[in-house]
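Just below is one structure, and these are the notes that go with it.
The values are calculated or read from the model by the stated rules, or taken from the named source; none is laboratory data. Please read these numbers as outputs of a predicted model, since none were measured by experiment. With ideal geometry, Cβ positions are generated from the backbone for all residues, glycine too; neighbour counts draw on all protein chains shown.
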Amino acid sequence: MSHAKKHILGADKQETVLHEFKQHTFGLVIIWSVVFVVLVGMLAALYLFSANQATLGLDGNILASGLTTVILSIIVLVLGMVAHYVFSKNELIITDQNVIEITQTSLFNRKISQLNLAKIQDVSVKQTGVASHMLGYGTVSIETAGEQTSYSFNLCPNASVCAKHIIEAHEDYMRKNHHNSSDNKSQPIATAAF
């Protein structure tokens, strides 16, 4: 992680990034599939309109309809690019001190959640559906005893590997900071729902 990224995230300069997980590319396939379907629908509507203009008794200008379709297509493509950008900014970062979740919900709406490794009580993985099993993505949930009881990272590639890395980072952190099982009432337990 670069110095600038550490500054934005509020990470300590001494903090070491162990792993970074971006959301699975299957999410991008969904975004661009929707864009494709909308564009094909618009072109089909333009074709049907132009082919049936006389039948419908409309004397509209096909050039105006075509221009409208081109403008709407450009808008749909720009919205697809914005959705792609927003999706690509979501990530889960595991450091030697914290788990940092960056959730980008729009161009100008980002949430950064930072969880100290000592507060982790449970890490679970949930994979539902055929696609998640075939492509190897899932939802990683981290539970704590703090105010926000659960952190979830959807469409995590290799979700069980991610959960394992979080548990290992937690155990290393506890060992390095001289926390033992009597100091921490609940050790992390990895669970998986397949």
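Kindly indicate the residue of segment 122-135 that is touching a residue at least 40 places away in the same chain (Cβ under 8 Å) and outside any strand (DSSP E or B) and also nearest to CYS162 (Cα to Cα) among those meeting that condition. It comes out as GLN127. Scanning segment 129-143 for residues that are surrounded by fewer than 19 Cβ atoms within 10 Å (Cβ to Cβ) and more than 18 Å from the chain's Cα centre (by Cα) yields VAL130, MET134. Scanning segment 75-92 turns up one or more residues that are assigned to a strand (DSSP E or B) and either without any contact (Cβ under 8 Å) to a residue 40 or more places away in the chain or crowded, with 17+ Cβ neighbours inside 10 Å (or both). Consider only pairs whose beta carbons are under 7 Å apart and that are at least six residues apart or on different chains; among these, list those whose first residue lies in segment 153-178 and is surrounded by fewer than 17 Cβ atoms within 10 Å (Cβ to Cβ) and in a helix (DSSP H, G or I) and whose second residue is small (Gly, Ala, Ser) and modelled with pLDDT of 95 or more. Close Cβ pairs (under 7 Å, with a partner that is small (Gly, Ala, Ser) and modelled with pLDDT of 95 or more) do not exist here.
Please work out if VAL123 is crowded, with 17+ Cβ neighbours inside 10 Å, of a type in the set (A, V, I, L, M), in contact with a Pro (Cβ under 8 Å, 6 or more places away or on another chain) and modelled with pLDDT of 95 or more. For VAL123, the condition - crowded, with 17+ Cβ neighbours inside 10 Å, of a type in the set (A, V, I, L, M), in contact with a Pro (Cβ under 8 Å, 6 or more places away or on another chain) and modelled with pLDDT of 95 or more - is met. GLU101 fulfils the conditions (1) surrounded by fewer than 18 Cβ atoms within 10 Å (Cβ to Cβ); (2) of a type outside the set (Ser, Thr, Tyr); (3) at pLDDT below 95 except for a single criterion, (1).
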